[in-house]
1. With A:L18, A:L11, A:L63, A:L53 as the choices, which residue is more than 14 Å from chain B (Cβ to nearest Cβ) and closer than 30 Å to B:E173 by Cα?
2. Is it the case that the range A:29-45 has a residue that's within 14 Å of chain B (Cβ to nearest Cβ) and either open to solvent by less than 50 Å² (accessible area, probe 1.4 Å) or in a loop (DSSP other than H, G, I, E, B) (or both)?
3. Answer yes or no as to whether A:I398 is modelled with pLDDT of 85 or more and within 12 Å of chain B (Cβ to nearest Cβ).
4. Which members of the range B:177-209 meet the condition of being open to solvent by less than 10 Å² (accessible area, probe 1.4 Å) and touching a Leu at 6+ places or on another chain (Cβ under 9 Å)?
5. Name the residue, out of A:I374, A:I412, A:I388, that is within 44 Å of the chain's Cα centre (by Cα) and assigned to a helix (DSSP H, G or I).
6. Of everything in the range A:352-365, what is out of contact with any Ser or Thr (no Cβ under 8 Å at 6 or more places or on another chain) and either surrounded by fewer than 16 Cβ atoms within 10 Å (Cβ to Cβ) or without any contact (Cβ under 8 Å) to a residue 40 or more places away in the chain (or both)? Give them in sequence order.
Amino acid sequence: MYRWLLCWRYLKTRYIALASIISVTLGVATMIVVNSVMLGFTHEMQNRLHGILSDLIFQSRSLEGFPDPDWHMEQIRRVAGDAIEAMTPTVVVPGMLNYQVGDAWMTRPVQIIGVDERTQAQVSDFSKYLQHPENRKNLSFNLREGGYDVIDHQADGPSLPRDEMALAGWEHRRRAARLRKMIEQVQQEPEQQSPSQGAEASPFTNPFERAQTNEPVAAFDPETSQYTGAILGIGLASFRRNGQDHFLLLPGDDVKLTLPTVGTPPRIVSDTFTVVDFYESKMSEYDANFVFVPIRVLQQLRGMIDPSTGKGYVNAISIKLKPGADMNEVRDRLRNAFAPQYYAIDTWRDSQGPLLAAVNMETAILNVLLFLIICVAGFGILAIFFMIVVEKTRDIGILKALGASAAGVMSIFLGYGLLLGVVGAGAGLTLGLLFVRHINEIADLLGRITGHRVFDPDIYYFYKIPTIVDPWTVGWIMAGAMLIAVLASVLPALRAARLHPVEALRYE
Amino acid sequence: MNKLTSTTDGLSSASQETGHLPRSPNGEPSDAHPLVARPHFSLRKHDGSSETLRQSQDLECVDEPAEATECLLSVRGLVKSYRKANVEIPVLKGVDLDVRPGEFLAIVGQSGSGKSTLLHLIGLLDHPDQGAVFLGGDRIDNVPVRIRDQLRNRTFGMVFQFYHLLPELTTLENILVPVMIGRSFWSYWRQRKEYRRRAIELLELIGLGHRLKHRPHELSGGELQRAAIARALINRPQILLADEPTGNLDPETGAEILNLLRTLRDEEHLTIVMVTHDHSIAALADRIVCLSGGKIRNEAT
Ligand SMILES: Nc1ncnc2c1ncn2[C@@H]1O[C@H](COP(=O)(O)OP(=O)(O)OP(=O)(O)O)[C@@H](O)[C@H]1O
Ligand SMILES: [Mg+2]
């Protein structure tokens, strides 16, 4: 009893001791914040990666691909059918995207992916990332009349509306086609038509449809028909400034894709596609890279269809496993079954291994560094406690003279350390959790003060800093901080316990 | 550790005896040593006046405390010296002393004669170089640490020369410290009201009832001295060891404290050993002995 009474009194009368726990508090708070943010990022990233990639990817090592995906899928099902929920073949080929903005042609390197519109959505979150609600339900490469999302459906907070998207669809395509016709007329009879009228007709001057006039397609009316549909990564068609997305082209516009054919040496082929939707996974390297087209069209374009059988080559088969199936085990089974010189079989984790490992490494290093801060706080406690023990020598003598045991005296200081640890870690917990809770407001505030955005959604494609508070991590941090406070008080407590009562009483 | 065994044959038997102190046979609380849990001596029949000097018996007492029932506290051949930088300062050179139950004994001696040292040895705050301390016939200076702590807590009440109250605690809390030390958290918590009541009673008895919430630095010397006495008495000890309880007080207050001690002796069935250098104060005790040259010289009252 006297121990707790004295602990409490010492805590109340010695505010200097509180100074030493401020560092414990700050250490704990920072650790909680860092871990929550890192975990939030990792989680978000893994979710997205996993959403973009299927569980397992069965790939050809060559860009030429392998023939007869149906036969391969059958083989895969024979090896690991019990664990497989769905599969879809894909063709992947690097290529080039061209579209016209104003008078200039934009050229972007892209990854062209041929997907099977029936099965693609079964193996990954592909359709979740599309901008038209109908496409999300039922993927189609046909241009929709309109109704594309103006508000980002994935944003879990307030986001700036994408007003231009309201115009996307057939409406946009027809208007652009009419405008193009008008311009043609103006060019033929410049004296009859004033150019300003044309500008009024459509404020969204998007005159690159002129390019299509060169197409040797006869009787193709862009007002009523479309080319093969393509889904563009949103980063290819837009840029973001101050959180507001600006679009260079919209669903309904036409683009050109250029790609190498199979065969040695490859030839370059090119074709026109109509943008039918945007793909936004919020992983910028994917959003600025991927162009999805129907697999059959891509196979034809690349010459991947075997004329004798009519079956197409594919580059990869994406596999979704049943819930609860062991990814690595299935991968190993498949690896054993297929010739490794032709096929690369990886889980989505394997293919993103370096990235995930880097994030884990970062978290680990940060934790070590921050824990060292708490250890430094421990030395502060040690020094202050030693001072207090020296100052309280006489009182310790009194307590011993009145019958307090060495263990009892020791526990005063251990308890004092624990109390400081509890107070410090508790304050750190509160501070850390508050910080995590309001991290976006704090980031905004910091951005306003420093004039430099702390968290730039232009880079991350997140609107908010993702955070996850893992109770176990928090528990470990708290326990560690308290343990350090107690450990730091062990030496002073031992010293107090060893004091000789008579000598302590004589101490002045 | 026990140098006595080599010097005096009789003491070795005494120390052997303490090796197997009987556990309490009845339903005493098991954590209390029988030495500690000994009930208060109720025999206060003797007048303590006629046969205080027993020089002839003292010689026998060197080995064994004479008449264990009559001597509550006995000290035999205590030797204590301090060592500082290889220089040995002998302070006590063989002190023998017997205290009867209910006696008020004053030890007088010059400053530096070793009075405090002797009291610390009796109160088990320190170990003697040689010699032994007996409580009711049982040797107590070499008992295990746990029992030492209990004896300090329950059996002896210490009033220090310089009060030694804890500055962080109020008067009332200071007085309750020995109670808290002697009991576990829960047993104290359950009976805290009762202990508080006793502490307040005690403070009122010694005239400090109006100073419960004051910190030591807000009290006068006399008040501190009284608080220290109250603290020494809170656990109902058998023996009160008072080191210069009037040292820093004016004669009137000193006499007041002395009268208080005498009253307490009567009311609480105490045995008091007081140390002082002031003969006029000592004169108020039942018996006076003189400590000089590291030995006890008896003096008649
Ligand atoms: N720790 C120590 N180291 C060395 N010498 C000591 C120590 N403690 C006490 N002494 C010496 O022992 C002697 C006796 O000290 P003690 O305190 O017992 O005297 P005292 O009789 O109580 O004196 P006073 O009346 O002034 O209180 C003194 O000479 C003192 O210097
Ligand atoms: Mg003294």
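The values are calculated or read from the model by the stated rules, or taken from the named source; none is laboratory data. As the structure is a prediction and not an experimental result, all values here were calculated from the model. Heads up, the Cβs are rebuilt from the backbone with ideal geometry, glycines too, and the neighbour counts pull from every protein chain shown. Remember, those area values only see protein heavy atoms, side chains included, never the ligands or the DNA or RNA. Shrake-Rupley method; radii C 1.70, N 1.55, O 1.52, S 1.80 Å.
1. A:L18
2. No - not one qualifying residue is present in the range A:29-45.
3. Details: modelled with pLDDT of 85 or more: yes; within 12 Å of chain B (Cβ to nearest Cβ): yes.
Judged against the criteria, A:I398 is a match.
4. B:V177, B:P178, B:M180, B:A199, B:L202, B:L203, B:I206, B:L208
5. A:I374
6. Scanning the range A:352-365 gives A:G353, A:P354, A:L355, A:A357, A:A358, A:M361, A:E362, A:A364, A:I365.
Condition check ((1) within 16 Å of ligand 2 (Cβ to nearest atom); (2) not charged (D, E, K, R)) across all residues:
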position	(1), (2)
B:G209	no, yes
B:R226	no, no
B:T246	yes, yes
B:E252	no, no
B:T263	no, yes
B:D266	no, no
B:L270	no, yes
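A quick yes/no check of all residues on (1) more than 16 Å from ligand 2 (Cβ to nearest atom); (2) under 13 Å from the mean Cα position of the chain (by Cα); (3) not aromatic (F, W, Y):
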position	(1), (2), (3)
B:S111	no, no, yes
B:G123	no, yes, yes
B:Q150	yes, no, yes
B:R154	yes, yes, yes
